[in-house]
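Heads up, the thing below is written out as C-alpha coordinates.
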Amino acid sequence: MNLQLQEWIVEASIEMMQCAMEEGEVTSEDLVVEYLERIQRYDWRLRSVIEVNPDALDTARALDQERKERGSRGMLHGIPILLKDNIGTHDQTHTSAGSLALAQSIPAEDSSVASQLRSAGAVLLGKTNMTEWANFMSSTMWAGYSSRGGQTLNPYGPGELFVGGSSSGSAAAVAANLAAAAIGTETSGSIISPASHNCLVGIKPTVGLISRRGIIPLADTQDTPGPMARTVADAVLILGALTWKDVRDAATLSGDRLAFSDYTPFLDRTFLARSRIGIPRFYYRHLEKARMSIIEEAIRILESQGATIIDPVELPCQGQEWDAYVMQFEFKKYLNDYLKTLPETVGVRTLDDVISFNEQHAEAALKYGQDVLLWSNRTSGKLTEQAYLESKRRNFELAGKQGIDAALEQYNLDALLILGDDDVNDLAARAGYPSITVPAGFAQDGIITEGGYSTKGPHGVTFVGTAFSEPTLIRLAYGYEQATLYRAPPNLDEMND
(Lines give C-alpha, C1' and ligand atoms only; values in the text may rest on other atoms or scores of the structure.)
Protein backbone atom coordinates (compact mmCIF):
# COMPACT_ATOMS: atom_id res chain seq x y z
CA MET A 1 0.00 0.00 0.00
CA ASN A 2 1.41 3.38 -0.93
CA LEU A 3 2.22 6.04 1.64
CA GLN A 4 -0.25 8.48 0.09
CA LEU A 5 -3.19 6.15 0.75
CA GLN A 6 -1.93 5.41 4.26
CA GLU A 7 -2.05 9.12 5.03
CA TRP A 8 -5.29 9.82 3.15
CA ILE A 9 -7.34 7.12 4.84
CA VAL A 10 -6.84 8.71 8.26
CA GLU A 11 -10.03 10.69 8.88
CA ALA A 12 -11.32 10.09 5.34
CA SER A 13 -15.12 10.40 5.29
CA ILE A 14 -17.47 7.92 3.68
CA GLU A 15 -18.24 10.48 0.99
CA MET A 16 -14.53 10.92 0.27
CA MET A 17 -14.05 7.16 0.01
CA GLN A 18 -17.07 6.80 -2.23
CA CYS A 19 -15.91 9.59 -4.54
CA ALA A 20 -12.41 8.10 -4.74
CA MET A 21 -13.83 4.69 -5.66
CA GLU A 22 -16.13 6.21 -8.29
CA GLU A 23 -13.17 8.06 -9.81
CA GLY A 24 -11.11 4.86 -9.85
CA GLU A 25 -8.49 6.33 -7.53
CA VAL A 26 -8.92 3.57 -4.92
CA THR A 27 -10.89 0.35 -4.65
CA SER A 28 -12.82 -1.25 -1.83
CA GLU A 29 -10.07 -3.86 -1.76
CA ASP A 30 -7.51 -1.07 -1.19
CA LEU A 31 -9.56 0.24 1.73
CA VAL A 32 -9.92 -3.18 3.33
CA VAL A 33 -6.21 -3.94 2.93
CA GLU A 34 -5.24 -0.64 4.51
CA TYR A 35 -7.66 -1.02 7.43
CA LEU A 36 -6.47 -4.58 8.06
CA GLU A 37 -2.88 -3.31 8.08
CA ARG A 38 -3.83 -0.57 10.54
CA ILE A 39 -5.52 -3.11 12.78
CA GLN A 40 -2.39 -5.24 12.76
CA ARG A 41 -0.16 -2.21 13.32
CA TYR A 42 -2.05 -0.54 16.14
CA ASP A 43 -4.69 -2.77 17.69
CA TRP A 44 -2.28 -5.00 19.60
CA ARG A 45 -2.40 -2.22 22.22
CA LEU A 46 -6.00 -1.04 21.93
CA ARG A 47 -7.66 -4.48 21.69
CA SER A 48 -10.67 -2.89 20.02
CA VAL A 49 -11.18 -5.48 17.27
CA ILE A 50 -11.99 -8.90 18.67
CA GLU A 51 -12.00 -10.66 15.28
CA VAL A 52 -11.48 -9.73 11.63
CA ASN A 53 -13.69 -11.19 8.94
CA PRO A 54 -11.75 -13.67 6.75
CA ASP A 55 -14.23 -12.96 3.94
CA ALA A 56 -13.69 -9.18 3.93
CA LEU A 57 -11.17 -9.08 1.08
CA ASP A 58 -13.21 -11.40 -1.14
CA THR A 59 -16.32 -9.36 -0.43
CA ALA A 60 -14.49 -6.14 -1.34
CA ARG A 61 -13.19 -7.61 -4.60
CA ALA A 62 -16.69 -8.77 -5.54
CA LEU A 63 -18.11 -5.32 -4.80
CA ASP A 64 -15.36 -3.69 -6.88
CA GLN A 65 -16.29 -5.94 -9.80
CA GLU A 66 -19.97 -5.18 -9.31
CA ARG A 67 -19.22 -1.45 -9.40
CA LYS A 68 -17.45 -1.88 -12.74
CA GLU A 69 -20.19 -4.01 -14.27
CA ARG A 70 -23.40 -2.57 -12.80
CA GLY A 71 -22.49 0.56 -10.90
CA SER A 72 -22.69 1.45 -7.25
CA ARG A 73 -25.47 0.40 -4.88
CA GLY A 74 -25.18 3.68 -3.01
CA MET A 75 -23.08 5.55 -0.49
CA LEU A 76 -22.11 2.44 1.51
CA HIS A 77 -20.96 0.39 -1.50
CA GLY A 78 -17.53 -1.02 -0.66
CA ILE A 79 -17.26 0.80 2.69
CA PRO A 80 -15.61 -1.26 5.48
CA ILE A 81 -17.67 -1.25 8.68
CA LEU A 82 -17.12 -3.02 12.00
CA LEU A 83 -19.89 -4.58 14.12
CA LYS A 84 -20.07 -4.90 17.88
CA ASP A 85 -19.61 -8.49 19.02
CA ASN A 86 -23.27 -8.89 20.02
CA ILE A 87 -24.57 -8.23 16.47
CA GLY A 88 -25.16 -11.54 14.74
CA THR A 89 -23.49 -12.49 11.47
CA HIS A 90 -23.82 -15.77 9.63
CA ASP A 91 -20.30 -15.90 8.25
CA GLN A 92 -16.88 -16.93 9.49
CA THR A 93 -16.93 -14.51 12.43
CA HIS A 94 -18.48 -15.34 15.79
CA THR A 95 -21.08 -13.51 17.85
CA SER A 96 -20.35 -13.82 21.55
CA ALA A 97 -21.08 -10.59 23.48
CA GLY A 98 -17.49 -10.97 24.65
CA SER A 99 -18.29 -14.20 26.49
CA LEU A 100 -16.18 -17.35 26.37
CA ALA A 101 -19.42 -19.30 26.63
CA LEU A 102 -20.34 -18.14 23.11
CA ALA A 103 -16.81 -17.83 21.72
CA GLN A 104 -17.54 -20.39 18.99
CA SER A 105 -21.12 -19.34 18.31
CA ILE A 106 -22.15 -18.56 14.75
CA PRO A 107 -25.87 -17.73 14.45
CA ALA A 108 -28.02 -19.55 11.92
CA GLU A 109 -28.66 -16.28 10.06
CA ASP A 110 -27.55 -12.69 9.84
CA SER A 111 -29.02 -10.14 12.20
CA SER A 112 -31.24 -7.53 10.58
CA VAL A 113 -28.44 -4.96 10.92
CA ALA A 114 -25.87 -7.20 9.20
CA SER A 115 -28.33 -8.08 6.45
CA GLN A 116 -29.17 -4.45 5.74
CA LEU A 117 -25.52 -3.42 5.65
CA ARG A 118 -24.71 -6.22 3.22
CA SER A 119 -27.65 -5.18 1.03
CA ALA A 120 -26.33 -1.61 0.99
CA GLY A 121 -22.95 -2.90 -0.20
CA ALA A 122 -20.96 -2.44 2.99
CA VAL A 123 -18.00 -4.71 3.73
CA LEU A 124 -18.35 -6.27 7.20
CA LEU A 125 -14.75 -5.94 8.31
CA GLY A 126 -15.04 -7.79 11.60
CA LYS A 127 -16.31 -7.64 15.18
CA THR A 128 -15.37 -5.23 17.94
CA ASN A 129 -14.70 -5.97 21.57
CA MET A 130 -17.25 -4.86 24.14
CA THR A 131 -17.92 -4.88 27.85
CA GLU A 132 -18.97 -8.50 28.35
CA TRP A 133 -22.73 -9.15 28.15
CA ALA A 134 -23.15 -5.40 27.48
CA ASN A 135 -21.86 -4.61 30.98
CA PHE A 136 -24.52 -6.77 32.61
CA MET A 137 -22.28 -9.46 34.05
CA SER A 138 -20.46 -7.96 37.04
CA SER A 139 -20.86 -4.84 39.15
CA THR A 140 -17.07 -4.46 39.30
CA MET A 141 -16.19 -5.13 35.64
CA TRP A 142 -14.24 -2.35 33.93
CA ALA A 143 -15.82 -0.77 30.88
CA GLY A 144 -14.39 -2.29 27.72
CA TYR A 145 -13.40 -5.61 29.28
CA SER A 146 -14.51 -9.03 28.08
CA SER A 147 -13.22 -12.50 28.91
CA ARG A 148 -12.88 -13.19 25.20
CA GLY A 149 -11.28 -9.96 24.05
CA GLY A 150 -9.47 -8.55 27.07
CA GLN A 151 -9.42 -4.85 27.96
CA THR A 152 -10.14 -2.28 25.24
CA LEU A 153 -8.24 0.97 25.76
CA ASN A 154 -8.94 4.56 24.77
CA PRO A 155 -6.57 5.52 21.91
CA TYR A 156 -6.26 9.08 23.26
CA GLY A 157 -4.66 7.79 26.47
CA PRO A 158 -4.35 4.00 26.66
CA GLY A 159 -4.65 2.80 30.24
CA GLU A 160 -5.28 6.32 31.53
CA LEU A 161 -8.48 7.65 29.98
CA PHE A 162 -11.95 6.16 30.31
CA VAL A 163 -12.92 4.27 27.16
CA GLY A 164 -16.66 4.15 27.89
CA GLY A 165 -18.92 1.15 27.58
CA SER A 166 -20.26 -1.13 26.46
CA SER A 167 -19.64 -0.39 22.74
CA SER A 168 -16.05 0.30 23.70
CA GLY A 169 -14.36 -1.54 20.85
CA SER A 170 -16.58 0.07 18.23
CA ALA A 171 -15.64 3.51 19.56
CA ALA A 172 -11.92 2.92 19.99
CA ALA A 173 -11.60 1.31 16.55
CA VAL A 174 -13.35 4.12 14.69
CA ALA A 175 -11.53 6.79 16.70
CA ALA A 176 -8.23 5.13 15.70
CA ASN A 177 -9.27 4.95 12.03
CA LEU A 178 -9.35 1.14 11.93
CA ALA A 179 -12.59 1.21 9.90
CA ALA A 180 -14.79 3.76 8.20
CA ALA A 181 -17.43 3.42 10.92
CA ALA A 182 -18.91 0.89 13.31
CA ILE A 183 -22.22 -0.22 14.74
CA GLY A 184 -22.73 -0.21 18.49
CA THR A 185 -25.70 -1.07 20.66
CA GLU A 186 -27.18 0.73 23.63
CA THR A 187 -29.44 -0.18 26.52
CA SER A 188 -28.39 2.76 28.66
CA GLY A 189 -25.43 4.85 27.55
CA SER A 190 -23.56 2.16 25.62
CA ILE A 191 -23.33 4.13 22.36
CA ILE A 192 -23.30 7.65 23.76
CA SER A 193 -20.70 7.04 26.49
CA PRO A 194 -17.90 5.50 24.38
CA ALA A 195 -18.59 7.86 21.48
CA SER A 196 -18.28 10.83 23.81
CA HIS A 197 -15.02 9.59 25.37
CA ASN A 198 -13.45 8.72 22.00
CA CYS A 199 -14.15 11.98 20.13
CA LEU A 200 -16.87 10.46 17.92
CA VAL A 201 -20.40 11.00 16.78
CA GLY A 202 -22.79 8.41 18.19
CA ILE A 203 -26.47 8.10 17.34
CA LYS A 204 -28.65 6.22 19.81
CA PRO A 205 -31.95 5.97 17.89
CA THR A 206 -35.47 5.73 19.22
CA VAL A 207 -36.22 2.15 20.21
CA GLY A 208 -37.97 0.65 17.17
CA LEU A 209 -36.26 2.74 14.50
CA ILE A 210 -33.76 -0.07 13.81
CA SER A 211 -34.55 -3.76 14.18
CA ARG A 212 -32.88 -5.66 17.03
CA ARG A 213 -33.44 -9.08 15.48
CA GLY A 214 -30.34 -11.24 15.77
CA ILE A 215 -28.63 -9.06 18.38
CA ILE A 216 -27.76 -10.66 21.72
CA PRO A 217 -30.22 -8.84 23.99
CA LEU A 218 -30.02 -7.13 27.34
CA ALA A 219 -33.44 -5.50 27.75
CA ASP A 220 -35.92 -5.52 24.88
CA THR A 221 -37.65 -2.42 26.20
CA GLN A 222 -34.49 -0.33 25.85
CA ASP A 223 -32.13 -2.10 23.41
CA THR A 224 -31.23 -0.47 20.11
CA PRO A 225 -28.31 -0.58 17.67
CA GLY A 226 -26.89 2.62 16.23
CA PRO A 227 -24.02 4.04 14.17
CA MET A 228 -20.72 5.35 15.55
CA ALA A 229 -18.65 7.47 13.18
CA ARG A 230 -16.19 10.33 12.95
CA THR A 231 -18.72 12.80 11.52
CA VAL A 232 -22.44 13.43 11.72
CA ALA A 233 -22.72 12.94 7.95
CA ASP A 234 -21.12 9.48 8.12
CA ALA A 235 -23.37 8.40 10.98
CA VAL A 236 -26.44 9.67 9.15
CA LEU A 237 -25.56 7.74 5.98
CA ILE A 238 -25.46 4.52 7.98
CA LEU A 239 -28.60 5.30 9.98
CA GLY A 240 -30.70 5.60 6.84
CA ALA A 241 -29.55 2.20 5.60
CA LEU A 242 -30.86 0.45 8.71
CA THR A 243 -34.40 1.72 9.23
CA TRP A 244 -36.54 -0.83 7.39
CA LYS A 245 -39.54 -2.39 9.13
CA ASP A 246 -38.93 -5.91 10.38
CA VAL A 247 -41.98 -8.12 11.02
CA ARG A 248 -39.82 -10.11 13.45
CA ASP A 249 -39.24 -7.10 15.68
CA ALA A 250 -42.58 -5.70 16.82
CA ALA A 251 -40.99 -2.43 17.95
CA THR A 252 -40.38 -1.49 14.29
CA LEU A 253 -44.11 -1.88 13.52
CA SER A 254 -45.33 0.81 15.91
CA GLY A 255 -47.95 3.14 14.49
CA ASP A 256 -46.08 6.13 15.93
CA ARG A 257 -42.86 5.22 14.17
CA LEU A 258 -41.33 7.95 11.98
CA ALA A 259 -38.50 6.57 9.85
CA PHE A 260 -36.56 7.69 6.80
CA SER A 261 -34.31 5.72 4.48
CA ASP A 262 -32.27 8.87 3.86
CA TYR A 263 -31.47 11.31 6.66
CA THR A 264 -29.02 13.43 4.67
CA PRO A 265 -31.62 16.16 3.96
CA PHE A 266 -31.48 16.92 7.69
CA LEU A 267 -27.79 17.87 7.51
CA ASP A 268 -28.82 21.53 7.78
CA ARG A 269 -26.47 23.77 9.74
CA THR A 270 -28.84 26.77 9.42
CA PHE A 271 -31.38 25.12 11.72
CA LEU A 272 -29.47 26.21 14.83
CA ALA A 273 -30.57 29.79 14.24
CA ARG A 274 -34.22 28.68 14.58
CA SER A 275 -33.73 26.24 17.44
CA ARG A 276 -34.62 26.28 21.12
CA ILE A 277 -32.33 24.24 23.37
CA GLY A 278 -32.86 23.59 27.06
CA ILE A 279 -30.12 23.46 29.69
CA PRO A 280 -31.03 21.03 32.52
CA ARG A 281 -28.63 22.47 35.13
CA PHE A 282 -29.70 19.93 37.74
CA TYR A 283 -27.80 17.29 35.78
CA TYR A 284 -24.61 19.37 35.61
CA ARG A 285 -24.19 19.50 39.39
CA HIS A 286 -21.50 16.81 39.61
CA LEU A 287 -19.24 18.23 36.88
CA GLU A 288 -15.83 19.47 37.96
CA LYS A 289 -14.26 22.62 36.50
CA ALA A 290 -12.67 21.11 33.36
CA ARG A 291 -15.81 19.33 32.16
CA MET A 292 -18.05 22.21 33.20
CA SER A 293 -16.00 24.53 30.98
CA ILE A 294 -16.67 22.25 27.98
CA ILE A 295 -20.45 22.37 28.38
CA GLU A 296 -20.39 26.14 29.04
CA GLU A 297 -18.35 26.69 25.87
CA ALA A 298 -20.83 24.56 23.92
CA ILE A 299 -23.69 26.71 25.19
CA ARG A 300 -21.80 29.85 24.15
CA ILE A 301 -21.18 28.46 20.66
CA LEU A 302 -24.81 27.45 20.19
CA GLU A 303 -25.87 30.97 21.17
CA SER A 304 -23.35 32.45 18.75
CA GLN A 305 -24.97 30.40 15.97
CA GLY A 306 -28.36 31.92 16.77
CA ALA A 307 -29.84 29.20 18.95
CA THR A 308 -32.23 30.31 21.68
CA ILE A 309 -30.91 28.89 24.94
CA ILE A 310 -33.36 28.34 27.79
CA ASP A 311 -31.23 28.17 30.93
CA PRO A 312 -32.07 26.56 33.25
CA VAL A 313 -34.89 24.15 32.54
CA GLU A 314 -36.27 21.74 35.10
CA LEU A 315 -37.52 18.22 34.53
CA PRO A 316 -40.40 17.08 36.76
CA CYS A 317 -38.54 13.79 37.34
CA GLN A 318 -35.22 15.30 38.40
CA GLY A 319 -34.12 13.99 41.77
CA GLN A 320 -36.03 10.72 41.35
CA GLU A 321 -34.27 7.53 42.37
CA TRP A 322 -34.27 4.85 39.69
CA ASP A 323 -34.05 1.07 39.82
CA ALA A 324 -32.65 -1.43 37.31
CA TYR A 325 -35.52 -3.92 37.42
CA VAL A 326 -36.34 -3.65 33.72
CA MET A 327 -32.83 -4.83 32.85
CA GLN A 328 -32.71 -7.39 35.67
CA PHE A 329 -35.95 -9.10 34.67
CA GLU A 330 -35.74 -8.74 30.89
CA PHE A 331 -32.16 -9.97 30.53
CA LYS A 332 -32.96 -13.53 31.61
CA LYS A 333 -36.14 -13.74 29.53
CA TYR A 334 -34.71 -12.40 26.29
CA LEU A 335 -31.30 -14.02 26.60
CA ASN A 336 -32.97 -17.41 27.07
CA ASP A 337 -35.10 -16.73 23.99
CA TYR A 338 -31.99 -15.78 21.98
CA LEU A 339 -29.92 -18.78 23.06
CA LYS A 340 -32.67 -21.15 21.93
CA THR A 341 -32.26 -19.85 18.36
CA LEU A 342 -28.60 -20.85 18.15
CA PRO A 343 -27.44 -24.04 16.44
CA GLU A 344 -27.39 -27.20 18.56
CA THR A 345 -23.58 -27.15 18.49
CA VAL A 346 -23.62 -24.15 20.86
CA GLY A 347 -23.46 -25.68 24.31
CA VAL A 348 -25.33 -23.01 26.29
CA ARG A 349 -29.11 -22.71 25.95
CA THR A 350 -30.08 -20.72 29.05
CA LEU A 351 -28.69 -18.15 31.48
CA ASP A 352 -28.28 -21.04 33.90
CA ASP A 353 -25.97 -22.68 31.37
CA VAL A 354 -23.93 -19.50 30.94
CA ILE A 355 -23.44 -19.19 34.70
CA SER A 356 -22.43 -22.86 34.95
CA PHE A 357 -19.98 -22.51 32.05
CA ASN A 358 -18.36 -19.53 33.73
CA GLU A 359 -18.03 -21.41 37.01
CA GLN A 360 -16.40 -24.34 35.21
CA HIS A 361 -13.93 -21.98 33.50
CA ALA A 362 -13.57 -19.54 36.35
CA GLU A 363 -9.90 -18.70 35.87
CA ALA A 364 -10.51 -17.40 32.35
CA ALA A 365 -14.16 -16.32 32.58
CA LEU A 366 -14.61 -14.79 36.02
CA LYS A 367 -11.92 -12.15 36.46
CA TYR A 368 -14.59 -9.81 37.82
CA GLY A 369 -17.12 -12.43 38.95
CA GLN A 370 -20.72 -12.65 37.74
CA ASP A 371 -22.86 -11.16 40.49
CA VAL A 372 -25.11 -9.34 37.98
CA LEU A 373 -25.79 -12.54 36.03
CA LEU A 374 -26.70 -14.24 39.31
CA TRP A 375 -28.94 -11.31 40.24
CA SER A 376 -30.83 -11.57 36.95
CA ASN A 377 -31.08 -15.34 37.25
CA ARG A 378 -33.07 -14.98 40.47
CA THR A 379 -36.04 -13.80 38.41
CA SER A 380 -38.66 -16.13 36.91
CA GLY A 381 -37.79 -15.30 33.29
CA LYS A 382 -41.51 -14.83 32.59
CA LEU A 383 -41.82 -11.06 33.12
CA THR A 384 -44.84 -11.46 35.39
CA GLU A 385 -43.39 -10.01 38.60
CA GLN A 386 -45.12 -6.90 39.90
CA ALA A 387 -41.81 -5.16 40.66
CA TYR A 388 -40.84 -5.46 36.98
CA LEU A 389 -44.21 -4.30 35.63
CA GLU A 390 -44.26 -1.28 37.93
CA SER A 391 -40.65 -0.36 37.07
CA LYS A 392 -41.35 -0.49 33.34
CA ARG A 393 -44.48 1.66 33.72
CA ARG A 394 -42.59 4.13 35.93
CA ASN A 395 -39.73 4.44 33.43
CA PHE A 396 -42.06 5.32 30.57
CA GLU A 397 -44.12 7.74 32.65
CA LEU A 398 -41.48 9.51 34.74
CA ALA A 399 -38.54 9.50 32.34
CA GLY A 400 -40.63 10.01 29.21
CA LYS A 401 -43.99 11.72 29.56
CA GLN A 402 -43.31 13.39 32.92
CA GLY A 403 -39.62 13.91 32.27
CA ILE A 404 -38.16 14.67 28.85
CA ASP A 405 -41.51 15.26 27.13
CA ALA A 406 -42.78 17.51 29.91
CA ALA A 407 -39.69 19.72 29.73
CA LEU A 408 -39.72 19.94 25.94
CA GLU A 409 -43.39 20.94 26.00
CA GLN A 410 -43.24 23.36 28.92
CA TYR A 411 -40.32 25.33 27.50
CA ASN A 412 -41.16 24.78 23.81
CA LEU A 413 -37.81 23.09 23.17
CA ASP A 414 -36.31 21.18 20.27
CA ALA A 415 -33.92 19.27 22.55
CA LEU A 416 -32.06 19.15 25.84
CA LEU A 417 -28.27 19.56 26.00
CA ILE A 418 -26.02 17.59 28.33
CA LEU A 419 -22.34 16.77 28.55
CA GLY A 420 -21.57 13.40 26.99
CA ASP A 421 -23.16 10.56 28.91
CA ASP A 422 -24.72 12.44 31.83
CA ASP A 423 -27.88 11.27 33.62
CA VAL A 424 -30.36 12.71 31.11
CA ASN A 425 -29.07 10.10 28.68
CA ASP A 426 -30.21 7.42 31.12
CA LEU A 427 -33.65 9.02 31.13
CA ALA A 428 -33.72 8.85 27.33
CA ALA A 429 -32.75 5.19 27.49
CA ARG A 430 -35.49 4.38 29.99
CA ALA A 431 -38.06 6.13 27.82
CA GLY A 432 -36.71 4.65 24.57
CA TYR A 433 -35.93 8.15 23.23
CA PRO A 434 -33.10 9.19 20.87
CA SER A 435 -29.88 11.05 21.58
CA ILE A 436 -26.88 12.12 19.51
CA THR A 437 -23.44 12.98 20.85
CA VAL A 438 -20.88 15.13 19.02
CA PRO A 439 -17.21 15.90 19.89
CA ALA A 440 -17.04 19.01 22.06
CA GLY A 441 -13.41 19.32 23.08
CA PHE A 442 -10.72 17.97 25.41
CA ALA A 443 -10.52 18.37 29.17
CA GLN A 444 -6.88 19.05 30.06
CA ASP A 445 -7.28 17.63 33.57
CA GLY A 446 -9.88 15.73 35.52
CA ILE A 447 -10.77 13.62 38.51
CA ILE A 448 -9.98 9.94 38.98
CA THR A 449 -13.08 7.76 38.79
CA GLU A 450 -13.87 4.67 40.86
CA GLY A 451 -12.59 2.57 37.94
CA GLY A 452 -9.20 4.28 38.19
CA TYR A 453 -9.55 6.36 35.01
CA SER A 454 -9.15 10.10 34.59
CA THR A 455 -12.05 12.18 33.30
CA LYS A 456 -9.67 14.30 31.27
CA GLY A 457 -9.52 13.75 27.51
CA PRO A 458 -12.24 13.91 24.85
CA HIS A 459 -15.83 14.72 25.74
CA GLY A 460 -18.92 15.17 23.63
CA VAL A 461 -22.11 17.13 24.06
CA THR A 462 -25.34 15.21 23.65
CA PHE A 463 -28.64 16.39 22.24
CA VAL A 464 -31.65 14.53 23.68
CA GLY A 465 -35.17 14.61 22.23
CA THR A 466 -38.53 12.91 22.21
CA ALA A 467 -39.50 9.73 20.36
CA PHE A 468 -38.54 9.71 16.66
CA SER A 469 -37.07 13.22 16.77
CA GLU A 470 -33.93 12.05 14.93
CA PRO A 471 -34.37 14.64 12.13
CA THR A 472 -34.31 17.51 14.65
CA LEU A 473 -31.39 16.06 16.61
CA ILE A 474 -29.41 15.55 13.40
CA ARG A 475 -29.96 19.19 12.43
CA LEU A 476 -28.75 20.35 15.85
CA ALA A 477 -25.77 17.98 15.96
CA TYR A 478 -24.67 18.84 12.43
CA GLY A 479 -24.94 22.56 13.04
CA TYR A 480 -22.87 22.33 16.21
CA GLU A 481 -20.31 20.04 14.57
CA GLN A 482 -19.83 22.36 11.60
CA ALA A 483 -19.47 25.37 13.88
CA THR A 484 -16.75 23.69 15.95
CA LEU A 485 -15.02 20.82 14.11
CA TYR A 486 -13.57 19.49 17.36
CA ARG A 487 -12.95 16.00 16.00
CA ALA A 488 -9.21 15.18 15.95
CA PRO A 489 -7.51 11.79 15.55
CA PRO A 490 -5.33 10.25 18.26
CA ASN A 491 -1.58 10.00 17.77
CA LEU A 492 -1.22 6.25 17.32
CA ASP A 493 2.45 6.32 16.40
CA GLU A 494 3.18 8.02 19.72
CA MET A 495 1.10 5.32 21.42
CA ASN A 496 3.25 2.64 19.76
CA ASP A 497 6.56 4.19 20.83
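Please verify whether the stretch 303-314 includes one or more residues that are among the polar types (S, T, N, Q) and in a loop (DSSP other than H, G, I, E, B). Yes, the stretch 303-314 contains a residue that is among the polar types (S, T, N, Q) and in a loop (DSSP other than H, G, I, E, B).
Let's see how each residue does on (1) closer than 29 Å to Asn135 by Cα; (2) over 23 Å from the mean Cα position of the chain (by Cα); (3) at pLDDT below 95:
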| site | (1), (2), (3) |
| --- | --- |
| Tyr283 | yes, no, no |
| Ala298 | no, no, no |
| Ile301 | no, yes, no |
| Gly306 | no, yes, no |
| Val313 | no, yes, no |
| Cys317 | yes, yes, no |
| Lys332 | yes, no, no |
| Thr341 | yes, yes, no |
| Asp353 | yes, yes, no |
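Please go through the stretch 363-406 and pick out each residue that is in contact (Cβ under 8 Å) with a residue 60 or more places away in the chain, crowded, with 18+ Cβ neighbours inside 10 Å and of a type in the set (S, T, N, Q). Of everything in the stretch 363-406, those that are in contact (Cβ under 8 Å) with a residue 60 or more places away in the chain, crowded, with 18+ Cβ neighbours inside 10 Å and of a type in the set (S, T, N, Q) turn out to be Gln370, Ser376, Ser391, Asn395. If only one of Asp405, Asp421, Asp323 is out of contact with any strand residue (DSSP E or B) (no Cβ under 6 Å at 6 or more places or on another chain), closer than 30 Å to Leu302 by Cα and not in a helix (DSSP H, G or I), which one is it? None of the others qualify; the one that does is Asp421. The set of residues from the stretch 26-54 being surrounded by fewer than 16 Cβ atoms within 10 Å (Cβ to Cβ) and part of a loop (DSSP other than H, G, I, E, B) comprises just one member, Pro54.
With the condition kept exactly as written, say whether any residue in the stretch 81-92 is at pLDDT 95 or above and in a helix (DSSP H, G or I). The answer is no, given that none of the residues of the stretch 81-92 is at pLDDT 95 or above and in a helix (DSSP H, G or I).
Annotation for the stretch 356-367: at least one member residue is within 15 Å of Ala97 (Cβ to Cβ), modelled with pLDDT of 95 or more, in a helix (DSSP H, G or I) and aromatic (Phe, Trp, Tyr). The residue that is surrounded by the most Cβ atoms within 10 Å (Cβ to Cβ), counting only those in the stretch 434-464 that are in contact with a Ser or Thr (Cβ under 6 Å, 6 or more places away or on another chain) and part of a loop (DSSP other than H, G, I, E, B), is Pro434. The residues of the stretch 469-487 that are out of contact with any strand residue (DSSP E or B) (no Cβ under 8 Å at 6 or more places or on another chain) and surrounded by fewer than 20 Cβ atoms within 10 Å (Cβ to Cβ), listed by number, are Pro471, Gln482, Ala483, Leu485. Scanning the stretch 46-82 for residues that are closer than 19 Å to Glu11 by Cα and not hydroxyl-bearing (Ser, Thr, Tyr) turns up Leu46, Val49, Met75, Leu76, His77, Gly78, Ile79, Pro80, Ile81, Leu82. Residues that are of a type in the set (S, T, N, Q) and over 17 Å from Gly144 (Cα atoms) occur at least once in the stretch 175-191. Filtered by the rule that a residue be out of contact with any helix residue (DSSP H, G or I) (no Cβ under 7 Å at 6 or more places or on another chain) and part of a loop (DSSP other than H, G, I, E, B), the stretch 169-205 gives a lone residue, Ile191.
The values are calculated or read from the model by the stated rules, or taken from the named source; none is laboratory data. Not measured: the values here are computed from a predicted model. Cβ atoms come from the backbone with ideal geometry, glycine included; neighbour counts cover every protein chain shown.
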